[in-house]
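Quick notes on the structure that follows.
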Amino acid sequence: MIVHSYYDEDPRARREAEALVAAGHPVDVIALRRDDDATESEVAGVHVRRLGVQRHQGAGIGVYLREYLSFLVRSGWALAGAHRRRRYGLVQVHSLPDFLAFAALPLRLRGVPLLLDLHEAMPEFFRSRFPRASNPLFHALLRAQERLSIAFASAVLTVNEPMAERLVSLGVRPAKVHVVANRPSLERFDASAHPARPFGEDGMVRIVYAGALTPTYEVDVVLDAVAWLADRRPDLRLSLDLYGRGDSEVALRAQAERLAIADRVRFHGRIPIDAVPSAIAAADIGVAPTRRDRFTDVSLSTKLFEYAAMGKPVVATRLPLVEQTFAPGTAWTYEAGEPASMAAAIVAVADDAARRDAAVEACRSIVLDASWEHEAKRYVALVDALLDH
């Protein structure tokens with residue numbers, strides 16, 4: 001596997017690699033390396049080799065592209081060298097970027113199959129993340145690299161049906177596209193493995209967000225909603241725990257100070273994946289705030305499933321896939337960008353214990369039917385089919 005991320009922080013890459021190890025396949029991963037990371041280590045049976053490339057979250061588009069190209073060259077060189085010793089049966093590349101698929105060029109020329117795992121729609125991601133760079137020419141180049149990368153791969157994975165339909169609409173053969181959804185592992189997100197917290201047991205309603213602090217996620221709306229409630233519902237004592245990092249953190253800290261709610265908001269930074277379940281277990285409400293645009297209209301945050309698996313009521317942005325997946329009465333949704341709408345959803349959770357309990361049970365049923373344990377079987381079967389071929 002080649003993945004342009006810090007492997008220990010990438011839930012999808014880890015779930016897939018560990019599923020392959022559990023099925024009896026040896027797996028090597030080539031990933032990014034932070035200054036204090038070991039060059040090589042074993043993580044849950046997966047051999048991880050880390051190259052001297054780091055992420056530059058929040059940087060300009062030129063820095064991103066240089067980072068991508070540096071990792072493309074280094075990972076391709078590392079893969080070719082390792083293949084002489086290991087004789088790989090399959091290469092899987094995790095996007096972004098899509099063109100990282102070409103790191104596998106020497107192995108593809110020798111007939112090794114390539115599985116391209118598209119976590120995001122790269123053209124739409126860049127349009128959302130860098131609005132000023134979304135001119136027609138640049139967008140056309142992104143579309144071209146996406147098509148070339150897909151054509152170069154033996155098979156393509158994506159995260160949901162709308163993403164798969166998008167690829168087919170671009171001319172990709174339906175038989176080449178496979179869906180393996182992002183879902184939490186119920187072995188990792190097991191509510192029974194953590195102390196149960198009765199809702200608001202200490203007189204405080206604890207809200208949790210576990211995810212990136214980037215413009216894609218409107219955590220600023222969460223802060224505005226907490227301030228709105230502090231002013232209009234002083235009887236409802238709230239606190240907000242933020243687990244994650246990103247280029248929005250400085251602005252969010254300043255916003256909390258400006259709104260006079262800094263004493264209610266705690267920035268914990270990034271925590272290990274294995275520590276996320278206990279952080280959620282200690283809360284009362286899980287929030288999944290997502291800024292709405294063309295990119296997020298075909299996305300569904302795994303955070304919703306993680307909160308639900310841990311038995312917490314969920315408040316999420318009213319996105320198409322959220323409404324399709326979570327029927328009315330299972331999750332509370334709010335209008336994107338509207339703090340008052342989010343505040344109303346939080347109040348509805350806090351004030352109606354009967355509906356809250358029913359929603360938690362209904363959400364848990366959805367998660368049980370759509371857990372990673374189900375998706376892993378589909379994923380491993382696809383890998384086995386490529387290896388057999």
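For the criterion of being under 17 Å from Ala153 (Cα atoms) and hydrophobic (A, V, I, L, M, F, W, C), Leu51 fails. If you take the residues of segment 164-222 that are in a loop (DSSP other than H, G, I, E, B) and among the basic types (Lys, Arg), which of them is most open to solvent (accessible area, probe 1.4 Å)? Step by step, filter segment 164-222, then rank; the result is Arg173. Among the residues of segment 91-129, those that are open to solvent by 30 Å² or more (accessible area, probe 1.4 Å) and within 12 Å of Leu79 (Cα to Cα) comprise Phe102, Leu105, Pro106, Arg108. Can you name the residue in segment 69-90 that is under 21 Å from Leu118 (Cβ atoms) and among the aliphatic types (A, V, I, L, M) and, of all such residues, is least open to solvent (accessible area, probe 1.4 Å)? Residue satisfying both the conditions and the ranking: Leu79. Can you tell me which of Ala316, Ala327, Ala336 is assigned to a loop (DSSP other than H, G, I, E, B), in contact with a Ser or Thr (Cβ under 8 Å, 6 or more places away or on another chain) and within 20 Å of Ser299 (Cα to Cα)? Ala336 is the lone residue from the list that is assigned to a loop (DSSP other than H, G, I, E, B), in contact with a Ser or Thr (Cβ under 8 Å, 6 or more places away or on another chain) and within 20 Å of Ser299 (Cα to Cα).
So, Glu306, is that one within 20 Å of the chain's Cα centre (by Cα) and without any contact (Cβ under 8 Å) to a residue 12 or more places away in the chain or not? No: the conditions fail for Glu306.
A count restricted to segment 95-138 and to residues that are farther than 23 Å from Val179 by Cα and either acidic (Asp, Glu) or in a loop (DSSP other than H, G, I, E, B) (or both) stands at 5. Restricting the search to segment 94-130, which residues are aliphatic (A, V, I, L, M) and farther than 13 Å from Glu146 by Cβ? Across segment 94-130, the qualifying residues are Ala103, Ala104, Leu105, Leu107, Leu109, Val112, Leu114, Leu115.
Of the strands (runs of 3 or more DSSP E) lying entirely inside segment 1-94, the ones with 3 or more residues being without any contact (Cβ under 8 Å) to a residue 24 or more places away in the chain and over 21 Å from Pro184 (Cα atoms) are found at 40-43. Somewhere in segment 133-143, is a residue crowded, with 19+ Cβ neighbours inside 10 Å and of a type in the set (S, T, N, Q)? So far as segment 133-143 goes, no, none of its residues is crowded, with 19+ Cβ neighbours inside 10 Å and of a type in the set (S, T, N, Q).
Just checking, does segment 180-201 include any residue being more than 28 Å from Ala283 (Cβ to Cβ) and touching a strand residue (DSSP E or B) at 6+ places or on another chain (Cβ under 6 Å)? Scanning segment 180-201 turns up at least one residue that is more than 28 Å from Ala283 (Cβ to Cβ) and touching a strand residue (DSSP E or B) at 6+ places or on another chain (Cβ under 6 Å). Of all residues in segment 303-319, which are of a type in the set (Gly, Ala, Ser) and over 21 Å from Asp293 (Cα atoms)? Hits for segment 303-319 are Ala308, Ala309, Gly311. Would you check if Ser149 is open to solvent by less than 20 Å² (accessible area, probe 1.4 Å), under 25 Å from the mean Cα position of the chain (by Cα) and farther than 30 Å from Tyr307 by Cβ? Taking the combined requirement at face value, the residue satisfies it. Does Val380 qualify as being over 18 Å from Ile207 (Cβ atoms) and at pLDDT 95 or above? Spelling it out, Val380 is indeed over 18 Å from Ile207 (Cβ atoms) and at pLDDT 95 or above. If Ser365 satisfies every condition in (1) free of Cβ contacts under 8 Å to residues at least 24 places away in the same chain; (2) closer than 30 Å to Ala19 by Cβ; (3) in contact with a Lys or Arg (Cβ under 8 Å, 6 or more places away or on another chain) but one, which is the exception? With (1) free of Cβ contacts under 8 Å to residues at least 24 places away in the same chain; (2) closer than 30 Å to Ala19 by Cβ; (3) in contact with a Lys or Arg (Cβ under 8 Å, 6 or more places away or on another chain) applied to Ser365, the lone miss is (3). Could you check segment 313-330 and list, in sequence order, the residues that are open to solvent by less than 30 Å² (accessible area, probe 1.4 Å) and within 19 Å of the chain's Cα centre (by Cα)? Scanning segment 313-330 gives Val314, Val315, Ala316, Thr317, Leu319, Leu321, Val322, Phe326.
Residue-by-condition table, conditions (1) closer than 15 Å to Arg206 by Cβ; (2) touching a helix residue (DSSP H, G or I) at 6+ places or on another chain (Cβ under 8 Å):
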{"position": "Tyr217", "(1), (2)": "no, no"}
{"position": "Asp220", "(1), (2)": "no, yes"}
{"position": "Pro234", "(1), (2)": "no, no"}
{"position": "Leu242", "(1), (2)": "yes, yes"}
{"position": "Arg245", "(1), (2)": "no, no"}
{"position": "Ala262", "(1), (2)": "no, yes"}
{"position": "Ala275", "(1), (2)": "no, no"}
{"position": "Gly286", "(1), (2)": "yes, yes"}
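Here's the yes/no breakdown for (1) touching a residue at least 40 places away in the same chain (Cβ under 8 Å); (2) touching a helix residue (DSSP H, G or I) at 6+ places or on another chain (Cβ under 9 Å); (3) hydrophobic (A, V, I, L, M, F, W, C); (4) farther than 24 Å from Leu242 by Cβ:
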| position | (1), (2), (3), (4) |
| --- | --- |
| Ala283 | yes, yes, yes, no |
| Arg294 | yes, yes, no, yes |
| Thr325 | yes, yes, no, yes |
| Glu335 | no, yes, no, no |
| Ala350 | yes, yes, yes, no |
| Ala358 | no, no, yes, yes |
| Ser371 | yes, yes, no, yes |
| Arg378 | yes, no, no, yes |
| Ala381 | no, no, yes, yes |
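Restricting the search to segment 247-290, which residues are closer than 26 Å to Val367 by Cβ, touching a Gly at 6+ places or on another chain (Cβ under 7 Å) and open to solvent by 10 Å² or more (accessible area, probe 1.4 Å)? Result: Arg270, single match.
Scanning segment 20-39 for residues that are within 15 Å of Val3 (Cβ to Cβ) and not hydrophobic (A, V, I, L, M, F, W, C) gives Asp28, Arg33, Arg34, Asp37.
The values are calculated or read from the model by the stated rules, or taken from the named source; none is laboratory data. This structure is a prediction, so every number in the text was calculated from the model and none was measured. All Cβ positions, glycine included, derive from the backbone under ideal geometry; neighbour counts span all protein chains shown. In case anyone asks, the SASA skips ligands and DNA or RNA and just uses the protein heavy atoms, side chains included. Shrake-Rupley method; radii C 1.70, N 1.55, O 1.52, S 1.80 Å.
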